[in-house]
Every structure is written in structure tokens, then in C-alpha cells.
Amino acid sequence: MGISSAVPRCSVWNRWTGLRWLTSFPRRTLAQQRVTSAPGTLQRRKLSGVPTSVVSRPWRMRPRGRRALHTASSSFQEVMLTSERYGVQRLPFALVSDSDVAFFERVMPGRVITNPEELKSFNVDWLKSVRGCSKLVLKPQTTAEVSQVLRYCYERNLAVNPQGGNTGLVGGSVPVFDEIILSTVLMNRIVSFDKVSGILVCQAGCILEKLNEYLEEQGFIMPLDLGAKGSCHIGGNVATNAGGLRLLRYGSLRGTVLGLEVVLADGSALDCLASLRKDNTGYDLKQLFIGSEGTLGVITAVSILCPQKPKAVNLAFLGCQSFAKVLETFTTCRAMLGEILSAYEFMDEKCMELVERHLKLSSPVTGSPFYVLIETSGSNLTHDEEKLNNFLEQTMTSGLVTDGTVATDDKKIKMLWSLRERITEALTHDGYVYKYDISLPVGKLYDLVTDMRARLGQSAKNVVGYGHLGDGNLHLNITAESYSHSLLDAIEPFVYEWTARYNGSISAEHGLGFKKKQFIKYSKPDEAVFLMQRFKALLDPKGILNPYKTLPSSS
């Protein structure tokens with residue numbers, strides 16, 4: 001069969017005369033499309049002037065039911081105690097007594113965990129890099145129960161570690177010592193959803209993926225999307241001001257969260273659970289708690305604005321020969337795709353090597369130093385495809401992109417997304433991971449990866465870079481066979497000094513947690529840190545909420 005007969009006969013696709021490749025992901029809505037290749041193959045077309053034979057390559061990736069964070073294989077016993085690894089001194093909080101446990105049992109019968117085996121997963125972070133030694137986990141179901149717990153803990157001077165899905169990457173979600181773990185896992189009720197305004201009200205323990213599935217049935221979606229969506233809680237997302245894959249399109253949680261219900265350290269409940277787009281009465285108190293990582297209060301409910309579900313979604317996975325071309329492709333992408341552009345992710349070839357080696361996933365596009373993943377979402381299939389096709393033709397003929405593939409059906413879209421979303425998982429199989437979540441001017445984004453590789457040389461196993469290029473967010477990851485103080489000293493504070501030199505931020509979306517708190521000075525002036533400490537002292541004078549996290553110790 002000649003190449004021309006494999007090309008859909010609608011006018012949009014007829015413009016692909018200069019492209020090197022095309023996709024064989026059929027979609028019935030494309031006018032009179034006829035593809036005779038076997039399902040799951042990619043068809044490529046040579047550049048104009050070169051014979052147009054079709055080459056097929058099978059998909060070797062295993063389909064995934066959902067995009068979620070996968071558990072690493074390391075056992076909890078292998079993780080060194082945070083207090084020992086980092087030499088932290090316990091603050092003078094009270095110790096949990098039998099009478100304390102008895103009180104909590106009366107407040108929430110059957111929802112108090114003291115069994116050492118059950119406690120293990122609550123004490124260790126997902127990366128298996130930090131571990132606490134809490135002897136008590138509480139599972140409240142209501143704001144009233146959270147209020148009772150915190151009021152009691154405040155009076156007894158018992159430290160509390162709020163915990164959602166425990167998918168954090170900076171040690172903010174697990175105790176450092178024996179703090180009581182307050183889990184929101186049972187606070188998973190959807191309170192209301194307004195189909196006219198698109199405003200959802202729910203408890204803090206709702207899993208992000210479950211919320212998205214509920215909203216999709218109503219014709220809406222959540223405004224954020226994360227690789228950890230199958231495990232993370234919306235309360236934790238808000239508490240860390242999580243960014244994720246849709247930020248380019250829908251903005252940050254500081255804009256989409258309309259209201260919060262929060263329980264303060266002394267047990268008093270703050271009801272700012274507004275469902276209004278506009279409310280200009282006094283200070284916007286919810287902003288204090290967004291990104292506060294559970295150090296100022298425990299978020300128990302969220303009101304959030306949700307966009308309508310796009311009717312047409314396309315995903316392009318492209319190869320570029322240099323980071324300069326990744327940047328130029330992004331500039332072209334914004335100009336030509338405009339309002340339908342919903343994600344622009346990049347990853348280097350090392351990331352793809354790790355995904356293939358450790359997870360046995362296989363990319364349909366190979367042989368490039370850099371890869372970009374571009375998602376479009378809109379309301380008109382024909383309009384969106386025409387814009388995407390014009391963009392692809394421009395980037396291919398100009399040499400910005402040398403290879404690529406496009407997916408339009410849900411299964412293939414999930415397969416392509418897994419190449420990006422499961423990089424974090426692949427890294428955990430490569431050894432101990434030093435993770436850095438950096439914001440930088442887009443033009444400098446990959447220079448940090450290059451400089452770090454040169455600095456570390458053979459002392460690191462792998463140094464990789466990937467992230468949300470659309471909003472200037474680099475995920476720099478360094479792996480080694482095991483944790484090493486000397487390697488950490490070579491990385492820090494160099495990585496923060498480098499970031500500060502170019503007016504970047506040392507935390508773009510992961511927060512500061514336990515691991516980064518001492519380095520806040522590289523992104524915030526002393527006056528700002530001092531003011532933050534005053535807010536902390538005002539709202540939590542005894543310091544019982546998530547101690548040892550987010551802010552450096554007051555001098």
C-alpha cells in the first residue's frame with residue numbers, strides 16, 4: 001500500500017506533505033480515515049523527496065489502568081531514622097501516654113492505630129528516604145473530631161504530623177520523631193458540586209483521581225493532574241500548593257481554590273469554605289494555608305473551581321536534537337496552538353533510558369537527546385487537529401523536531417503519559433535519589449543539569465533533568481547506589497547557590513518539608529522568613545503542628 005492511501009482524506013491531514021512521520025492511532029471522527037496497519041503500530045513517512053515506504057514499529061509498553069504513584073520495593077526496615085541521618089534534636093514535646101491513647105479511642109473508636117506493623121507505612125515516605133518513629137496514628141472522619149484531637153494535643157503539648165496520601169517528596173508528610181500522625185484517609189466525602197459554576201466542595205482526604213472520575217461523569221475535570229493522582233489527597237495537594245501537569249492551562253491552586261476549612265493548632269475551626277469566585281472582604285486568609293505544609297493548620301475541607309472536561313484531547317511526543325530546539329519548539333507551540341495548549345513537558349534521554357531499563361516501558365520515539373510531550377485540549381476536534389497539524393508541519397519542516405508520534409485515543413494517550421509520569425518511579429529503582437524541584441528562567445533550565453553532571457562526574461550514578469517547561473519548573477534528580485554524606489555535600493548548597501544566582505526558586509511545587517527548610521534563604525530574604533516565623537508563632541505558639549518542617553528554627 002502506498003503512503004497516500006494511509007493518510008486520512010480530510011483536508012486538514014492533506015497538508016502533511018512535508019512531514020517525516022504520521023500516526024496510526026485511528027479515530028473514527030476523522031473523516032473517512034482508512035488505516036490497514038496492525039493495531040498498535042506506528043507509521044512513518046520520509047521527508048519529501050525521499051521514497052515514502054511505511055515502516056511499522058510495535059508498541060511494547062504495557063497498558064496501565066490509571067496514572068498513579070507506584071510503590072518502590074525497598075522495605076521500611078532499610079530506611080535510616082531521619083533523626084539519626086540528619087542529627088536532629090527532639091523538641092520538648094510531651095510523650096504519648098496510655099491515657100492519651102484512651103482519650104483518642106473515646107473520640108474515634110476503632111480508628112486509632114498502635115500496632116507496630118500497621119504503623120510502618122505511615123512512618124516512611126514514598127521515596128524511602130526519611131523515617132519517623134510515631135507510635136500512634138489517628139483517623140478522624142469529621143472536622144469536629146480533628147478539632148477535638150488538636151485541642152487535646154495543644155493542652156497536652158503533643159506534637160502532631162498531618163498526613164494525606166503520603167506522596168510528598170521532601171519529607172514533609174512523615175514524622176521526624178514520635179509525632180502523632182493525623183491521617184485524613186477517612187475524610188473522603190464529596191460535599192457538593194454545582195454543575196452551573198463548576199465549584200466542588202469536598203473533604204480533605206478525597207483522592208485526586210477519585211475526584212476527577214466523579215467530575216468526569218458530570219462533564220468536568222479537576223484543575224490539577226499529578227503522577228501521584230491515584231494516591232494523593234486534595235488536602236495534601238492544597239497544603240503543598242501542588243503544581244503538576246495542568247498548571248500551564250489552568251493555573252495554580254492559589255487561583256482555583258476558592259475556600260478552605262481549617263482546624264488551627266488550639267483546636268478552633270476556621271470556616272472560610274466560600275464558594276464564590278469573587279470575595280473582596282478583608283484579608284484572603286486561605287492563602288496562608290495554601291502551601292503551608294500543615295504547619296499553620298490542618299485543612300479539613302476544600303472548595304475548588306473545576307473546568308469543563310475537554311471534548312477533544314491530542315498528545316504529541318516529539319524528539320529534539322538540543323535543548324535550544326526544545327525552547328524554540330515551545331515558543332512556536334505557544335504561538336501556533338494558543339488557547340488549546342494544556343501541557344508542555346520535557347525530559348532528557350537519560351530519563352527515557354531509566355524508564356525503559358527499570359520499568360520495561362518502551363518509547364515509540366528514540367534516538368534524540370531530548371523529548372517533549374505536548375497536550376492540546378479543546379471543544380472542537382476539527383479545529384484542534386488543524387492547529388496541531390499546522391504546528392507539527394512547521395516544526396518538522398524547520399528542523400526543530402526530528403521525530404515524533406501523535407495519540408488521540410485514550411489508551412495511547414495514557415501510554416505516552418506514562419513515559420513522563422513514571423520517571424519518578426524509575427528513579428527509585430536506580431538507587432538512592434537526591435531530588436531537586438527548581439524554578440528557573442526557561443532559557444537557563446537545563447544548564448543546571450549540565451553543570452551538575454560536570455561537577456559530580458563519576459561520584460553520581462545518573463544525573464537527569466525533566467519537568468514542566470511550560471512554567472519553568474525543572475526536576476533535577478541525582479542517583480547513587482546508596483545515601484552518601486559526601487555526595488550530598490557536593491550537591492548542596494551548590495544547587496541552591498546556582499539557582500539563586502539566576503533568581504530562581506529552590507522549590508517550584510514540592511514544598512520545603514524537612515529536607516529543604518534550612519535553604520529557604522536562597523529564595524526568600526531574611527525579612528520574609530522572619531515574618532513567616534511570626535505567622536507561625538501567632539497561629540501555633542507551641543509549635544505542635546508538623547514540627548521540624550518548612551521553616552528554619554528561630555534564632
For the pair residue 324 and residue 502, how long in nm is the line joining their label points, each one 7 Å along Cα→Cβ?
1.6
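How many Å³ per residue does the convex hull of the Cα positions in the stretch 430-523 occupy?
89
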Vicinal HN-Hα couplings computed from phi for the stretch 196-211 (Karplus, 6.51 cos²θ - 1.76 cosθ + 1.60; Hz; Gly/Pro x)
6, 8, x, 9, 9, 10, 8, 6, 5, x, 5, 6, 4, 5, 5, 5
Taking the Cα centre as origin and putting +1 on Lys and Arg beta-carbons and -1 on Asp and Glu beta-carbons, what dipole magnitude results for the chain, to the nearest 20 debye?
1480
Roughly how far apart, in whole Å, are the Cα centres of the stretch 400-418 and the stretch 464-525?
30
Debye equation applied to the C-alpha atoms of the stretch 190-305, log10 I(q)/I(0) at 0.09 Å⁻¹:
-0.21
In the chain, taking the dipole from +1 charges on Lys and Arg beta carbons and -1 charges on Asp and Glu beta carbons about the Cα centre, the listed residue (318, 394, 207) farthest towards the positive end is 394
Can you tally the net charge around residue 511? Count Lys and Arg as +1, Asp and Glu as -1, for every other residue whose Cβ sits under 9 Å from the Cβ of residue 511.
-1
Once you treat every alpha carbon in the stretch 94-217 as an equal point and sum by Debye, what is log10 I(q)/I(0) at q = 0.15, 0.18, 0.19 Å⁻¹?
-0.73, -0.97, -1.04
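Which order do you get for 479, 167, 142 if you rank them by accessible area with a 1.4 Å probe, largest at the top?
Ranking 479, 167, 142 by accessible area, largest first, yields 142, 167, 479.
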The stretch 160-203-the stretch 351-378 distance, computed between alpha-carbon centres (Å)
31
For 98, 430, 471, 271, give me the order by solvent-accessible area with a 1.4 Å probe, most accessible first, ignoring ligands, DNA and RNA.
98, 271, 471, 430
Give the average over all directions of the projected area of the C-alpha convex hull of the stretch 500-555, one decimal, in nm².
4.1
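What is the magnitude of the charge dipole of the stretch 190-305 about its Cα centre, with +1 placed on the Cβ of each Lys and Arg, -1 on the Cβ of each Asp and Glu, and no other charges, expressed in debye to the nearest 20?
With Lys and Arg at +1 and Asp and Glu at -1, about 320 debye.
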Residues listed by number, the stretch 523-549, amide nitrogen under 20 Å from residue 157 label point at 7 Å toward C-beta:
536-549
Once you have the Kirkwood Rh of the chain from its Cα pairs, apply Stokes-Einstein at 20 °C and 1.002 mPa s and quote D in µm²/s.
86
Hey, what's the Kirkwood Rh for the stretch 357-452 if you take every pair of different alpha carbons, in angstrom?
16.3
Per residue of the stretch 279-287, what does 6.51 cos²θ - 1.76 cosθ + 1.60 with θ = phi - 60° give for ³J(HN,Hα)? Whole Hz please, x for Gly and Pro, Karplus curve as stated.
7, 10, 9, x, 6, 7, 5, 4, 5
Less than 29 Å apart at the alpha-carbon level, and either on another chain or at least 8 residues along: which lysines does that give for residue 135?
120, 229, 435, 515, 516, 517, 536, 542, 549
Per-residue HN-Hα couplings for the stretch 103-116, Karplus 6.51 cos²θ - 1.76 cosθ + 1.60 at θ = phi - 60°, whole Hz, x for Gly and Pro?
4, 5, 5, 6, 6, 9, x, x, 10, 10, 9, 10, 5, x
In the chain, taking the dipole from +1 charges on Lys and Arg beta carbons and -1 charges on Asp and Glu beta carbons about the Cα centre, the listed residue (504, 340, 79) farthest towards the positive end is 340
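Restricting to bridges with both residues inside the stretch 430-523, how much of the DSSP beta-bridge set is antiparallel, in percent to the nearest 5?
Of the beta bridges lying entirely in the stretch 430-523, close to 95 percent run antiparallel.
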For 358, 383, the accessible-area ranking with a 1.4 Å probe, largest leading, is 383, 358
Cα gyration tensor category, rounded, prolate or oblate, for the stretch 128-201 with a/c compared to 1.5
oblate
In Å³ per residue, the alpha-carbon convex hull of the stretch 396-448 encloses 154
Assuming a ≥ b ≥ c are the square roots of the Cα gyration tensor eigenvalues, decide whether the stretch 366-515 counts as rounded (a/c under 1.5), prolate (otherwise, with a/b larger than b/c) or oblate.
prolate
Determine which aspartates and glutamates satisfy two conditions relative to residue 350: a Cα distance under 13 Å, and not lying fewer than 8 residues away in the same chain.
430
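The values are calculated or read from the model by the stated rules, or taken from the named source; none is laboratory data. Treat the numbers as computed from the prediction; the structure is a model and nothing was measured. Cβ sites come from the backbone with ideal geometry, for glycine too, and all protein chains shown count toward neighbours. When the accessible area is computed, the model is the full protein with side chains, heavy atoms only, and any ligands, DNA or RNA have been set aside. Shrake-Rupley method; radii C 1.70, N 1.55, O 1.52, S 1.80 Å.
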